[in-house]
Amino acid sequence: MAGQKPTFKIQLMDPKPLTWWKSRRKKIDMMPPYQRRGRLWSNTDKAYLIDSILNGYDIPKLYMADYTWSDSELNKKKLPYAIIDGKQRLEAIFDFFDGIIVLNDDFNFLSDSSIKIGGLGYKDLLENYIEIAELFETFPLTIVGVYADSEEPINELFVRLNRSKSLTGAEIRNAMVGKTPAIIREISRHAFFIDNIAFSVKRGADLNAAAKLLIFEYYDKPVETKKKSLDEFASTAESKGADQIELALRRIIQILDEMAQIFLPKDKLLANGGILPVYYWFIRGLPEDNHHMVREFLVFFEQMRSKNREPANAENLDRNLIEFDNLNRSTNDLKSHSGRIDILKNFFDDWIENKTINSRRK
């Protein structure tokens with residue numbers, strides 16, 4: 001029927017120059033929920049894309065949700081466009097416009113190798129090489145416009161486009177539809193993940209850790225957290241118990257509020273995401289009166305582990321610490337989670353007892 005609102009539509013958009021997109025950057029949602037984290041490219045990688053543009057090479061087409069065709073409930077930010085695939089390319093282009101990146105030092109302008117502009121930025125080109133600046137400004141981006149009135153086809157498109165790009169499990173789960181992936185995202189936005197963790201989140205490591213906390217709380221016990229288990233959990237947990245997921249979320253927020261007070265900003269104890277679920281469940285099982293001592297204990301525990309590895313202690317090794325190190329090598333097994341938590345509990349009890357005895361002697 002003519003004029004009927006489409007439910008899913010893909011169509012090549014009319015080519016527009018880079019300056020057109022630059023002037024409309026505020027009309028592009030760069031962070032729809034299915035997107036991978038930005039800033040994965042180094043400055044060298046970004047400059048290489050600009051190199052390709054200036055030298056007339058083709059660059060892969062971008063995919064963008066186009067809400068100018070029709071309004072959609074998905075368009076929560078009420079913007080005309082939302083990036084689906086090609087975020088890093090678009091960021092690189094905007095960064096060059098903004099002077100955040102410059103051409104690589106070894107840049108070779110193929111049209112005239114005598115022109116040496118390596119190390120220059122967009123502003124330098126405008127002032128000294130206007131024709132080359134115009135090559136960049138007028139480069140036509142090839143963009144495929146996508147419209148959908150539900151998340152499923154856009155998320156499916158994103159996953160299909162990235163199947164050959166080694167997406168992490170966290171990134172694929174993030175593109176799933178439903179309450180569970182949304183709750184995982186909500187957990188990862190907690191102040192603890194923003195301020196306290198010290199591991200990189202560029203490939204969704206925070207989302208991965210958040211998913212592990214959620215599956216622990218959902219089942220009310222440590223469980224295996226391999227990719228297959230987390231994928232199945234993210235896709236089926238809501239249908240099995242939506243209320244249970246909400247209760248798990250509230251409990252996690254409560255514990256993370258405590259952990260945000262226990263750990264330091266960008267705490268070196270949180271430099272590896274694999275240990276986070278273990279710390280979480282260990283702290284969860286402690287009386288609140290002991291929370292203020294947790295970090296002091298964990299520093300002590302790490303010192304003991306380090307000392308136990310020294311050759312000088314070969315004859316007096318602590319087998320429990322060796323076991324902790326061994327379990328730490330396979331961080332997603334149930335045995336690894338449970339074993340490390342039990343070892344932490346036992347060491348903490350002994351540590352508390354020794355502190356009590358020493359304080360009485362004083």
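Would you check if there is a residue in region 61-76 being at pLDDT 85 or above and basic (Lys, Arg)?
Scanning region 61-76, I find at least one residue that is at pLDDT 85 or above and basic (Lys, Arg), so the answer is yes.
Which members of region 37-91 meet the condition of being under 23 Å from PRO17 (Cα atoms), in a loop (DSSP other than H, G, I, E, B) and of a type in the set (Asp, Glu)?
ASP58 - this is the single residue of region 37-91 that is under 23 Å from PRO17 (Cα atoms), in a loop (DSSP other than H, G, I, E, B) and of a type in the set (Asp, Glu).
Mind checking which residues of region 57-113 are β-branched (Val, Ile, Thr) and either under 27 Å from GLU156 (Cβ atoms) or buried (at least 18 other Cβ atoms within 10 Å of the Cβ) (or both)?
Within region 57-113, ILE59, THR68, ILE83, ILE84, ILE93, ILE101, VAL102 meet the criteria.
Do you know which residues across region 195-247 are under 14 Å from PRO181 (Cβ atoms) and not in a helix (DSSP H, G or I)?
Matches in region 195-247: GLY204 only.
Return the residues of region 211-252 that are of a type in the set (A, V, I, L, M) and exposed (fewer than 15 other Cβ atoms within 10 Å of the Cβ); say none if nothing qualifies.
Within region 211-252, ALA242, LEU247 qualify.
Please note which helices (runs of 4 or more DSSP H) are completely contained in region 294-362 and include at least 3 residues that are in contact (Cβ under 8 Å) with a residue 60 or more places away in the chain.
334-361
Considering only region 92-117, how many residues are in a loop (DSSP other than H, G, I, E, B) and hydrophobic (A, V, I, L, M, F, W, C)?
Here the count works out to 9.
The values are calculated or read from the model by the stated rules, or taken from the named source; none is laboratory data. From a predicted model like this one, the values you see are computed outputs, not experimental measurements. Please note: Cβ atoms are built from the backbone with ideal geometry, for glycine as well, and neighbour counts cover all protein chains shown.
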